[in-house]
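A.B. asks: Supplied in structure tokens, the structure appears directly below.
The values are calculated or read from the model by the stated rules, or taken from the named source; none is laboratory data. Everything quoted here is computed from the prediction, not taken from an experiment. Neighbour counts run over all protein chains shown; Cβ positions are idealised from the backbone, glycine included. Each accessible area value is taken on the protein alone, full model and side chains, heavy atoms only, with ligands, DNA and RNA left out. Shrake-Rupley method; radii C 1.70, N 1.55, O 1.52, S 1.80 Å.
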There are 2 protein chains.
Amino acid sequence: MTRIAALALCLGLAFAGSAMAQSKAAIQKLEDGWGAAFNQGDAAAVAAMYTDDADVLPPGQDMVKGRAAIEALWRQEMAQIGDVKCTALDVKPLGRRAAREIGTCTFKTKGQPPQEGALKYAVVWEKSGRTWKLLTDIWNTSK
Amino acid sequence: MTRIAALALCLGLAFAGSAMAQSKAAIQKLEDGWGAAFNQGDAAAVAAMYTDDADVLPPGQDMVKGRAAIEALWRQEMAQIGDVKCTALDVKPLGRRAAREIGTCTFKTKGQPPQEGALKYAVVWEKSGRTWKLLTDIWNTSK
């Protein structure tokens, strides 16, 4: 094996899979799945989109860690709000197995009358096996 | 060059530098530098710790992008609060040139009488040349 061939092999290994799902469109699909699960009230399905050791940092509450705590958090939020729709504004790949996304969400409260709300967020996605999962999730409001 | 030697070279290249400054202790030093610059009222020095295209998502305000806007944001915050001390709670390397940190900060308001405050945050660090810079910065309060 020549040095050139070895280098080509190195580069091939280094870049294999680098054209994977870190595009904004691919991340938006994941967000759409998150929103659909949330709006169906399926807290387990929402929680399944997080890594085992994920951290969620909700405003007005302490941070929560791990899938069971995250499922409980989202079940509690589902009692308060619905019609959640999140839009990825920027996705930045971080190496080959992670990405940072920022975006905004709109939602409606479940009170009478329902009120419209909005928030902005930053999340980190991590590739877990062949699946992208949320490692960190934090948001706040602009007003 | 044998295949074994080529593989060893690949692995050497792949892991070179992987033991770099993504440890919690190293990130805490960066946070200490951030806090020192903030508490000295040096908004330019704080802003210099962000990448050119960084996003900051402050609660109660729209997100800001880029170093000039970030410097203006921190100058405005410095008029309101001081004695900032941030503590890294968890640092997760994301590939070789990025890391996600979560932590908490304490601060004092500049009103009379000063009030103590606290927040939790998530940031993404990115290696820019030989320097670690903040790519994304978002926080909220727990109460």
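A.B. asks: Sort through A:A99, A:A79 and tell me the only one that's touching a residue at least 12 places away in the same chain (Cβ under 8 Å), among the small types (G, A, S) and more than 10 Å from chain B (Cβ to nearest Cβ). So that I can check it myself, show each step before the final result.
C.D. replies: Working: A:A99 fails: more than 10 Å from chain B (Cβ to nearest Cβ).
Result: A:A79 is the single residue among A:A99, A:A79 that is touching a residue at least 12 places away in the same chain (Cβ under 8 Å), among the small types (G, A, S) and more than 10 Å from chain B (Cβ to nearest Cβ).
A.B. asks: Just to be sure I understand, how many residues within region B:90-101 are in a strand (DSSP E or B) and open to solvent by less than 40 Å² (accessible area, probe 1.4 Å)? Let's see the steps before the verdict.
C.D. replies: Our first condition is that a residue be in a strand (DSSP E or B); within region B:90-101, this holds for B:90-93, B:98-101.
Checking the rest, the ones that are also open to solvent by less than 40 Å² (accessible area, probe 1.4 Å) come to B:91, B:98-101.
Residues meeting the conditions: 5.
A.B. asks: Testing A:T104 on (1) open to solvent by 30 Å² or more (accessible area, probe 1.4 Å); (2) more than 14 Å from every other protein chain (Cβ to nearest Cβ); (3) in a strand (DSSP E or B), one condition comes back false. Which one is that?
C.D. replies: (2)
A.B. asks: Considering each residue of region B:104-143, count those that are closer than 17 Å to B:D90 by Cα and of a type in the set (D, E), and give that number.
C.D. replies: The qualifying residues number 2.
A.B. asks: Which of the residues belonging to region B:58-69 are in contact with a strand residue (DSSP E or B) (Cβ under 7 Å, 6 or more places away or on another chain) and more than 19 Å from A:I138 (Cα to Cα)? Full working, then the answer.
C.D. replies: The initial filter retains those residues of region B:58-69 that are in contact with a strand residue (DSSP E or B) (Cβ under 7 Å, 6 or more places away or on another chain), namely B:59, B:63-67.
The answer is B:G66, B:R67.
A.B. asks: Right, something else. Cβ contacts < 7 Å: first residue hydroxyl-bearing (S, T, Y), restricted to region A:47-59; second residue open to solvent by 30 Å² or more (accessible area, probe 1.4 Å), any location; separation 6+ or different chain. Result?
C.D. replies: Within 7 Å, the pairs are A:Y50/A:R67; A:Y50/A:K133; A:T51/A:E126; A:T51/A:S128; A:T51/A:K133.
A.B. asks: Which residues, counting only those in region B:107-143, are among the aromatic types (F, W, Y) and surrounded by fewer than 18 Cβ atoms within 10 Å (Cβ to Cβ)?
C.D. replies: First pass over region B:107-143, keeping only residues among the aromatic types (F, W, Y): B:107, B:121, B:125, B:132, B:139.
Across region B:107-143, there are no qualifying residues.
A.B. asks: Condition (residue is surrounded by 15 or more Cβ atoms within 10 Å (Cβ to Cβ), away from every other protein chain (no Cβ under 13 Å) and of a type in the set (S, T, N, Q)) applied to region B:28-41: is it met by at least one residue?
C.D. replies: So in region B:28-41, the residues surrounded by 15 or more Cβ atoms within 10 Å (Cβ to Cβ) come out as B:28, B:30-31, B:34-35, B:37-39.
Cutting the leftovers down to away from every other protein chain (no Cβ under 13 Å) gives us B:28, B:30-31, B:34-35, B:37-39.
Pick out the ones that are also of a type in the set (S, T, N, Q) and you get B:28, B:39.
Looking through region B:28-41, at least one residue is surrounded by 15 or more Cβ atoms within 10 Å (Cβ to Cβ), away from every other protein chain (no Cβ under 13 Å) and of a type in the set (S, T, N, Q).
A.B. asks: Could you count how many residues in region A:61-76 are more than 11 Å from chain B (Cβ to nearest Cβ) and open to solvent by 70 Å² or more (accessible area, probe 1.4 Å)?
C.D. replies: The number of residues fulfilling the criteria is 4.
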